[in-house]
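Comments concern the structure below.
The values are calculated or read from the model by the stated rules, or taken from the named source; none is laboratory data. Quick caveat, the model's predicted, so the values are computed rather than measured. Here Cβ is always computed from backbone atoms with ideal geometry, including for glycine, and neighbour counts include all displayed protein chains. Calculation scope for accessible area: heavy atoms of the full protein, side chains included, ligands and nucleic acids excluded. Shrake-Rupley method; radii C 1.70, N 1.55, O 1.52, S 1.80 Å.
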Amino acid sequence: MPTIRVQTEDFDAGAEMARLRAGDAKIGAVASFVGVCRDLNEGDTVATMTLEHYPGMTEKALAKIVDEAMARWSVMDVTVVHRVGELKPTDQIVLVVVAGAHRGEAFAACEFIMDYLKTRAPFWKKEQTAEGARWVDARAADDDSAARWRAGEKSAA
């Protein structure tokens, strides 16, 4: 059963991976991604980034993304932890962990989930820079990454 959490607290990626595996001898691969807050965006120094969301709606959107990944690839379990609130450079933002029998399926599902989190999940980012606060727009590169999955690709080859 997938685990999806939206929280202000930091997470322990190693502990989350261990919990996902939990001694299951059928798991042959664990693929993961950790997104981290940077101190630079669009050439400007970023002091903080605040992530906002709509509780309830966000978790449903994340569950839909995870369900789609699990329907496309033969994976056993998924964990997604996404932080909200004020984050500073070097803070962890998001964790995606996918467990499966084989690495190819786990890698592809993990990448798909991240691509869709960046483009479909209802989060709003505001950066604090020396010039003041600004909302962060979606990037064309993120849309391009997600578009290949919509085009029917099963893997990222």
Whose amide H sits under 5 Å from the amide H of Val84, counting only residues 5 or more places off or on another chain, with H placed in the peptide plane?
Gln7, Thr8
Here, GluC sites (Glu not before Pro) of region 89-137 satisfying both criteria (DSSP loop; at most 12 other Cβ within 10 Å) are Glu131
Distance between the C-alpha centers of region 65-99 and region 1-26? Whole Å please.
10 Å
Binned at 10 Å from zero, the C-alpha pair distances of region 69-112 give percents of 28, 39, 23, 9
Accessible area per residue for the chain in Å², computed with a 1.4 Å probe and the full protein assembly in place, what is it?
54 Å²
